[in-house]
Amino acid sequence: MPNSSSLTQFLLLAFADRRELQLLHFWLFLAISLAALLANGLILSAVAWDHHLHTPMGFFLLNLSLTDLGCICTTVPKAMHNSLWDIRTISYHGCAAQAFLLVFFIGTEFSLLTIMCYDCYVAICKPLHYGTLLGSRACAHMAAAAWATEFLIALLHTANTFSLPLCQGNALGQFFCELPHILKLSCSHSGYLREIGLIGVSVCLVFGCFVFIVFSYVQIFRAVLRIPSQQGRHKAFSTCLPHLAVLSLFVSTTAFSNLKPPSISSPSTDLVVSVLYMVVPPALNPFIYSLRNQELKDAIRKMMTG
């Protein structure tokens with residue numbers, strides 16, 4: 001039986017057996033990745049170029065675009081390469097790097113969405129203290145804490161998983177390297193329990209962030225409903241609507257992927273769900289924000305027209 005020291009590569013799940021469908025997946029992924037790269041690149045350039053966007057929300061939006069680019073660039077290029085050349089393999093070290101980067105970028109994105117929720121809360125519920133609570137130094141510290149914390153969590157998960165002996169073959173039931181699928185190949189009881197403990201800590205952190213988000217939006221909605229004018233309520237809702245849409249897309253696709261009932265689980269269904277939560281949100285997030293943010297649209301228009 002192979003173990004982790006003798007494995008040199010893993011087998012990823014193929015999108016299709018027919019060559020025509022493989023090429024279709026290649027072109028589809030190419031279109032999605034180019035759209036995501038272009039949209040997120042425009043947001044990064046606009047925020048850096050226009051001083052009107054040098055705000056806490058602009059700063060966090062820049063960080064969010066970086067995580068979206070990271071998610072797309074971690075999984076899609078390898079999937080496109082395998083579909084184009086009709087192969088399924090990924091090297092052992094390449095798989096470890098991909099798994100680490102996925103946990104890192106996904107975790108950082110959720111942390112940033114939590115911080116952006118705090119930004120919406122302060123802007124609507126405590127507008128007089130906005131400059132004090134969300135100064136440039138405070139924003140930099142919160143973003144740095146999000147990146148550093150998720151880097152450490154991703155490092156611990158990846159190091160523990162890839163240190164386990166693997167004795168169940170090398171075929172992963174996924175088109176990218178995901179830690180739960182690698183754990184299924186393990187035959188180490190103690191190592192598996194260590195990973196369960198790490199997952200428990202991560203779940204507690206995620207649950208804490210989720211409770212904070214729910215509490216913040218309850219306070220936001222209560223504050224908005226107390227605004228006497230309809231125009232004022234509409235403006236307040238417009239402030240947090242893009243964040244709520246991006247957050248809902250992220251949470252719903254991730255939750256459905258991890259909590260879907262076994263009765264509807266199959267290789268083809270799992271493949272579609274994986275694409276939904278790994279590829280679609282990073283491509284849609286910049287469009288959601290740019291459609292509802294007039295300052296961002298104006299900055300992009302100015303930048304493109306010189």
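The values are calculated or read from the model by the stated rules, or taken from the named source; none is laboratory data. Nothing here was measured: the structure is a model prediction, and the numbers come from that model. Backbone-built Cβ (ideal geometry, glycine too); neighbour counts: all protein chains shown. Keep in mind that these areas ignore ligands, DNA and RNA; they rest on the heavy atoms of the full protein, side chains included. Shrake-Rupley method; radii C 1.70, N 1.55, O 1.52, S 1.80 Å.
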Of the residues in the stretch 162-187 that are touching a strand residue (DSSP E or B) at 6+ places or on another chain (Cβ under 8 Å) and at pLDDT 85 or above, the one that is nearest to SER274 (Cα to Cα) is CYS177
So in the stretch 150-207, with the set limited to residues that are of a type in the set (Gly, Ala, Ser) and part of a helix (DSSP H, G or I), which one is nearest to the chain's Cα centre (by Cα)? ALA154
Determine whether THR108 is under 30 Å from ILE182 (Cβ atoms), crowded, with 22+ Cβ neighbours inside 10 Å and touching a Phe, Trp or Tyr at 6+ places or on another chain (Cβ under 7 Å). yes
Test SER83 against the criterion of being over 20 Å from the mean Cα position of the chain (by Cα) and surrounded by 22 or more Cβ atoms within 10 Å (Cβ to Cβ), and give yes or no. yes
Check PHE207 against each of (1) in contact with a helix residue (DSSP H, G or I) (Cβ under 9 Å, 6 or more places away or on another chain); (2) at pLDDT 85 or above; (3) open to solvent by 70 Å² or more (accessible area, probe 1.4 Å) and name the one condition it does not meet. (1)
Search result, residues across the stretch 60-70 that are over 12 Å from the mean Cα position of the chain (by Cα) and either polar (S, T, N, Q) or surrounded by 21 or more Cβ atoms within 10 Å (Cβ to Cβ) (or both): PHE60, LEU61
Among all residue pairs at least 6 apart or on different chains, which show Cβ distances below 6 Å where the first residue, located in the stretch 60-79, is under 21 Å from ALA46 (Cα atoms) and the second is small (Gly, Ala, Ser)? ASN63/ALA143; ILE72/SER33; ILE72/ALA36
For the stretch 146-182, what are the residues that are free of Cβ contacts under 8 Å to residues at least 40 places away in the same chain, out of contact with any helix residue (DSSP H, G or I) (no Cβ under 6 Å at 6 or more places or on another chain) and open to solvent by less than 50 Å² (accessible area, probe 1.4 Å)? HIS181
If I filter the stretch 114-134 for residues that are in a helix (DSSP H, G or I) and of a type in the set (Lys, Arg), do I get at least one hit? no
Quick one: in the stretch 34-52, of everything that is small (Gly, Ala, Ser) and without any contact (Cβ under 8 Å) to a residue 60 or more places away in the chain, which residue is least open to solvent (accessible area, probe 1.4 Å)? GLY41
Flag if ILE87 is more than 24 Å from PHE287 (Cα to Cα) and in contact with a Ser or Thr (Cβ under 7 Å, 6 or more places away or on another chain): no
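Of all residues in the stretch 210-262, which are of a type in the set (D, E, K, R) and surrounded by 12 or more Cβ atoms within 10 Å (Cβ to Cβ)?
Residues satisfying the conditions are ARG233, LYS235, LYS260.
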Residues located in the stretch 116-134, provided they are open to solvent by 20 Å² or more (accessible area, probe 1.4 Å) and either at positive phi or not polar (S, T, N, Q) (or both): TYR118, TYR121, ALA123, ILE124, CYS125, LYS126, PRO127, LEU128, HIS129, TYR130, GLY131, LEU133
